[in-house]
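The values are calculated or read from the model by the stated rules, or taken from the named source; none is laboratory data. Small disclaimer: the values here were computed from a predicted structure and weren't measured. Heads up, the Cβs are rebuilt from the backbone with ideal geometry, glycines too, and the neighbour counts pull from every protein chain shown.
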Amino acid sequence: MSEDKASAPYGQPRPTDASPTRKKMTVPKVRARKGGEPLVMVTAYDATFARMLDEGGADLLLVGDSLGMVIQGNDDTLAVTVDDIIYHCRAVARGTRFAHIVGDMPFLSYNITPQEAVRNAGRLLAEGRAHSVKLEGGRAVVPVIERLVAAGIPVMAHVGLTPQSVHAMGGFRVQGRDDEGAERILEDAKAVAEAGAYALVLEGIPSDLARRITDALDIPTIGIGAGGGCDGQVLVCYDLLGLTPDLRPKFVRRFDELFERGKTAMQQYGAAVRSGEFPAEEHTFGPAPSAPPRPRAVGMGT
Ligand code: KIV
């Protein structure tokens, strides 16, 4: 490490995984994974987590409107704005080298007019540096998907349990459990694929329905609470890392317990400060190194 780096107290997160074989994930590569190696998608909201998840091998990072819940602390996603998503997308983009970044279209950012949808989606790509957008809905959003795709904006669709319709659904409830509901979701899935979506999130539906939809479409399906028959899976990173202590949804597997581990680290830091054990000598700066003596000037008149 150079002298400058060793003594610089702060630094920008800089992605460093220079794996020579790994290439950037793109929309055509996502599509090509239909029926092949499962796609791994996870949410991300900032540069440091994005770097960790990207270096950990995520194919896609979703800057989800779930940030309204896990970052902003709300009970639902409805208060999230386009500017919020742009802010978090930009941070995620700075920490990402390989994963495809999907920016979520927030509530009412695409449902009023297709023109507004194009403007908002365009901002997620131009200002947020996302590579594609995701939006919720079935047949009702077909005209919007068509307009976005025509404008060169790749769209990931999302059917089943659509959190932005939490009040219409009467809560975050599994959808498509009866024949009529299942048929409706299947028809919605076919319609968004037909409209040009390059992939489809299936959330909160029975696994046999998810498998039927996956078999019926030629675009990849990415499931959350939809069983193992999809072409990929997505989880909220706070859930898979164990950062949401009060929530244990059935469809989540926690791959770590970072909330508990972070709390323990905090307790250890507090104890070290209170006992005077931290900071130790190695964490402490001394005076500036003394400058080498300057050679005596030799010249005319000496
Ligand atoms: O906002 C989000 O995180 C999502 C995923 C749960 C699919 O939409």
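A few notes on this one:
- Some residue of the stretch 171-180 being part of a helix (DSSP H, G or I), surrounded by fewer than 20 Cβ atoms within 10 Å (Cβ to Cβ) and in contact (Cβ under 8 Å) with a residue 12 or more places away in the chain: no
- Unmet criterion (only one of (1) more than 21 Å from residue 42 (Cα to Cα); (2) in a helix (DSSP H, G or I); (3) in contact with a Gly (Cβ under 7 Å, 6 or more places away or on another chain)) for residue 190: (3)
Residue-wise test of (1) within 16 Å of the ligand (Cβ to nearest atom); (2) surrounded by fewer than 17 Cβ atoms within 10 Å (Cβ to Cβ); (3) among the hydroxyl-bearing types (Ser, Thr, Tyr); (4) over 17 Å from the mean Cα position of the chain (by Cα).
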residue	(1), (2), (3), (4)
201	yes, no, no, no
209	no, no, no, yes
228	no, yes, no, yes
246	no, yes, no, yes
257	no, yes, no, yes
265	no, yes, no, yes
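- Residues of the stretch 243-279 classified as of a type in the set (A, V, I, L, M) and in contact with a helix residue (DSSP H, G or I) (Cβ under 9 Å, 6 or more places away or on another chain), total: 4
- Residue identified as in contact with a strand residue (DSSP E or B) (Cβ under 6 Å, 6 or more places away or on another chain), assigned to a helix (DSSP H, G or I), closer than 30 Å to residue 49 by Cβ and of a type in the set (A, V, I, L, M) among 210, 197: 210
- Residue-level check: of (1) touching a residue at least 60 places away in the same chain (Cβ under 8 Å); (2) under 30 Å from residue 55 (Cα atoms); (3) touching a Ser or Thr at 6+ places or on another chain (Cβ under 7 Å), residue 136 misses just (1).
- Residue within the stretch 171-184 that is in contact with a Pro (Cβ under 8 Å, 6 or more places away or on another chain) and β-branched (Val, Ile, Thr) present: yes
- All of (1) in contact (Cβ under 8 Å) with a residue 60 or more places away in the chain; (2) within 15 Å of the ligand (Cβ to nearest atom) hold for residue 219 with one exception: (2).
- Test: residue in the stretch 105-120 that is in a strand (DSSP E or B), crowded, with 17+ Cβ neighbours inside 10 Å and away from the ligand (no atom under 14 Å from the Cβ): no
- Residue in the stretch 236-243 that is within 11 Å of the ligand (Cβ to nearest atom), more than 18 Å from residue 172 (Cβ to Cβ) and either hydrophobic (A, V, I, L, M, F, W, C) or in contact (Cβ under 8 Å) with a residue 40 or more places away in the chain (or both) present: yes
- Per-region count, the stretch 69-97, residues touching a Pro at 6+ places or on another chain (Cβ under 9 Å) and either outside any helix (DSSP H, G or I) or under 15 Å from residue 42 (Cα atoms) (or both): 9
- Filtered residues of the stretch 121-159 (kept if of a type in the set (Asp, Glu) and either within 15 Å of the ligand (Cβ to nearest atom) or assigned to a strand (DSSP E or B) (or both)): 136
- Hey, residue 98 at pLDDT 95 or above, away from the ligand (no atom under 15 Å from the Cβ), among the aromatic types (Phe, Trp, Tyr) and in the same structural domain as residue 26 (by TED's automatic domain parsing) or not: yes
- Of all the listed residues (82, 92), the sole one being away from the ligand (no atom under 11 Å from the Cβ), buried (at least 18 other Cβ atoms within 10 Å of the Cβ) and more than 13 Å from the chain's Cα centre (by Cα) is 82.
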